[in-house]
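Shown next, in structure tokens, is the structure this report addresses.
The values are calculated or read from the model by the stated rules, or taken from the named source; none is laboratory data. Computed from a predicted structure; not experimentally measured. Glycine also receives a Cβ, built like all others from the backbone with ideal geometry; neighbour counts cover every protein chain displayed. In case anyone asks, the SASA skips ligands and DNA or RNA and just uses the protein heavy atoms, side chains included. Shrake-Rupley method; radii C 1.70, N 1.55, O 1.52, S 1.80 Å.
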Amino acid sequence: MNETGTLFEIEPEYCIDTNVIVSFLSESDDEYYGADVFSDHWKQIERLIVGGRMIAPLQVARELEGHANKRQKIGPWLREHSYMFRDVYIDAQLELAKRIVNQYPAYGRSMNYLGDLEVITLAGALDLTVVSLESPQQQSGQRRPKIPNVCAEFEVGHTSVVGLFRLLKQASVAYPL
């Protein structure tokens, strides 16, 4: 047993990007997934979060706060799930951030990229798979880097939302949700 009295702690496996949460909680036609239409899928993500298998960096929470005034479900959801957000807390995150910023200076020049950088570095430091709605670019550019390209270059796992559900389906035989 550990200090909390549980037999074991669940190790996180996934690090979720802001855009996935916004898409599900927006429930509008301008987003890919709405929890009102894809409710079973959203429940799977919720189970991963509640079970400790999916986390996000603190910057994702800050970005969600920015969406809360435009999308009414985000604020209450954010308050209920504050436990899932992690601050930068290990040197490996900082070391990976430095390497990424050196390769992709856009991450160091704009606050718009801070969430993406923290998602990638948290995942890289803890050996997690990033879950994002971003698609890879044909040629990863210095000016507008995309999460899948940066993850591939720095050997950090990445999957799309559909890819996540495929992984969960494959794993459900051995580890039911």
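Tabulated results
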| quantity | calculated |
| --- | --- |
| Rounded to the nearest 20 debye, dipole of the chain from Cβ charges on Lys, Arg, Asp, Glu | 340 |
| Label-to-label distance, nm, for residues given as GLU95 and GLU65 (7 Å Cα→Cβ offset) | 3.1 |
| More than 22 Å apart - percent of Cα-Cα pairs taken over the chain | 44 |
| Rough spin-label spacing in nm, given labels placed 7 Å along Cα→Cβ, for ASP87 and GLN170 | 3.7 |
| The chain, accessible area per residue, ligands and nucleic acids excluded (1.4 Å, Å²) | 57 |
